[in-house]
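**Q** Let me begin by handing over the structure; questions about it come next.
No value in this document is a laboratory result; all are computed from the given coordinates. Remember, it's a predicted structure, so these values are computed and weren't measured experimentally. Glycine gets a Cβ as well: all are built from the backbone with ideal geometry, and neighbour counts include every protein chain shown.
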Amino acid sequence: MSSSIIAIGTAVPTHEIPQPDVCDFMAKAHGLSGKDLTRLKALYRATGIEKRYSAIGDYAIKDPKKRTFYSEDDQLNPFPTTKERSDFYRKEAIKLSLESASNCLDETNVEVKEVTHLITISCTGMYAPGLDIDLVNQLGLAKDVQRTCINFMGCYAAFVGIKSAMAFCAANESAKVLVVATELCTLHFQNEPDEETLIANAIFGDGSAALLIGNSGENVKGSRLKPVAFHSELFTEGAGEMAWEIGNFGYEMKLSAYVPNLIEKGIKELVGKLKVKASVGSIEQYAFHPGGKRILEVIEQELNLTKEKGWAGRNVLKNYGNMSSPTVLFVLKTLLNSLNAENKGEKILSLAFGPGLTVESMLLEVV
């Protein structure tokens, strides 16, 4: 039996932050007023995001004296250093990872000790011994579980994790691979009022998603998603349009408003190549990584889809924002929850984008 995604579990921090509250926080931090404040509010309204989740509650706190991470100063001086942010990541990332992994395994008949491989994914924090070892110890995985870490690949990294898990299963028919993607994007807020930083601050949230991939059908409690083909390309002209760099005050995210234009130029051809690989004509379901509202609109336009077809991505964007690597797994989970026996055999097109500019595509079948 070929391997498939047996289950997906998700988790978000306890702090639910309405988008207007984030806007107010950012406006004060940037010292914006007048026309600049009006433009910032327009940017936040245009995101299509209603709320996000953060491991940091300060973004919704009106009284500066009650902040727990940032200083009381309006401009947040002294600004948290990379070391302080890294310490926070180490403490908080494991909590979300444990929750999403447990939620995933709870939807299967697989015991924790049966997991043979663990893949961890993150681009918002690193340390050693790392998140993978913390998961082994605190989740109770076998001490001989094979570990792989995928770091700093950004929003498309979950696809790399799925492909790696599929390879492990192809090499060992009894393999059961747990993939855990966890990001604390809001930890790396930057207090610079340039356009790229304002966009990044307006869309990113925190979250974790875990999936289990294996070959055994008896491990499944519900529907499964079987990846049947992948295709990846670099749009090299966009190498500088989406990037992470480590600065003295956290990870500096660069997200250009030009990214949708790059995707617009090449997405139809890329999807065509994927369909040829899979020898598939029709696609019934869609699971797009919501890198932003404009990105979703461009994909739908180029593939001649109504926005109703991309409903799962829009739903996740509205309620969670862009959480980087776990986001597309939230989309797949949302779609999976809507499926029933009548959807058996349907094909799902999934897309994600990240630094490089990297475009990853995947075709799945409902089984």
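**Q** For a footprinting-style exposure proxy, rank 251, 258 by other Cβ within 10 Å, fewest first.
**A** Arranged by neighbour count, lowest to highest, 251, 258 become 258, 251.
**Q** What FRET efficiency comes out for the pair residue 83/residue 337, r = Cβ-Cβ distance, R0 = 41 Å, nearest 0.05?
**A** 0.55
**Q** Counting Lys and Arg as +1 and Asp and Glu as -1, each charge on the Cβ, what is the dipole of the range 225-366 about the Cα centre in debye, to the nearest 20?
**A** In total the dipole reaches around 320 debye.
**Q** Separate question: Label points 7 Å out from Cα along the Cβ direction at residue 112 and residue 71: separation in nm?
**A** 4.2 nm
**Q** Right, next: Which entry is the computed Kirkwood radius over Cα pairs in Å for this structure: (i) 20.8; (ii) 23.8; (iii) 22.5?
**A** Here Kirkwood radius over Cα pairs in Å agrees with entry (i).
**Q** Additional query: For the range 225-366, what mean projected area does the convex hull of the alpha carbons give, in nm²?
**A** Average of the hull's projected areas for the range 225-366 equals 8.6 nm².
**Q** Neighbour counts of other C-beta atoms within 10 Å: give me 204, 69 arranged from fewest to most.
**A** 69, 204
**Q** At residue 45 and residue 234, where each label point lies 7 Å from the Cα along Cα→Cβ, what is the point-to-point distance in nanometres?
**A** Result for the modelled spin labels: 4.1 nm.
**Q** Going by C-beta contacts inside 10 Å, put 339, 211 in order with the fewest on the left.
**A** Arranged by neighbour count, lowest to highest, 339, 211 become 339, 211.
**Q** About the Cα centre of the chain, how large is the charge dipole given +1 on each Lys and Arg Cβ and -1 on each Asp and Glu Cβ? Please answer in debye to the nearest 20.
**A** 500 debye
**Q** Counting pairs of alpha carbon atoms under 8 Å apart in space and at least six apart in sequence, what relative contact order in percent does the chain give?
**A** RCO, the chain: 23 percent.
**Q** How many nm separate the modelled label positions at residue 152 and residue 305, each set 7 Å beyond the Cα in the direction of the Cβ?
**A** 3.2 nm
**Q** Using 0.36 nm per residue, how much length does the chain from residue 257 to residue 277 gain when fully extended, once their Cα-Cα distance is taken away?
**A** 4.1 nm
**Q** So, one more: Write out the trypsin sites (Lys or Arg not before Pro) in the range 295-367 meeting two conditions: DSSP loop, and at most 13 other Cβ atoms within 10 Å of their Cβ.
**A** In loop regions of the range 295-367 (DSSP not H, G, I, E or B), the sparsely surrounded trypsin sites (Lys or Arg not before Pro) are 307, 344.
**Q** Can you compute the charge dipole magnitude of the range 178-262 about its Cα centre, using +1 on each Lys and Arg Cβ and -1 on each Asp and Glu Cβ, nothing else charged? Give it in debye, rounded to the nearest 20.
**A** Taking the Cα centre of the range 178-262 as origin, the dipole is about 720 debye.
**Q** Also, I was wondering about something else. With no solvent and one equal point scatterer per Cα, compute the Debye intensity ratio I(q)/I(0) for the range 206-306 at 0.23 Å⁻¹ and report its log10, rounded to two decimals.
**A** Rounded to two decimals, the profile gives -1.31.
**Q** Rounded to the nearest 0.05, what FRET efficiency do residue 38 and residue 344 have when you use their Cβ-Cβ distance and R0 = 41 Å?
**A** Efficiency for this residue pair is about 0.20.
**Q** In deg cm²/dmol, rounded to 500, what helix-only [θ] at 222 nm does the chain give when every DSSP H run of at least 4 residues adds -39500 (n - 2.57) and the total is split over its residues?
**A** Estimated from H runs of four or more residues: -11500 deg cm²/dmol.
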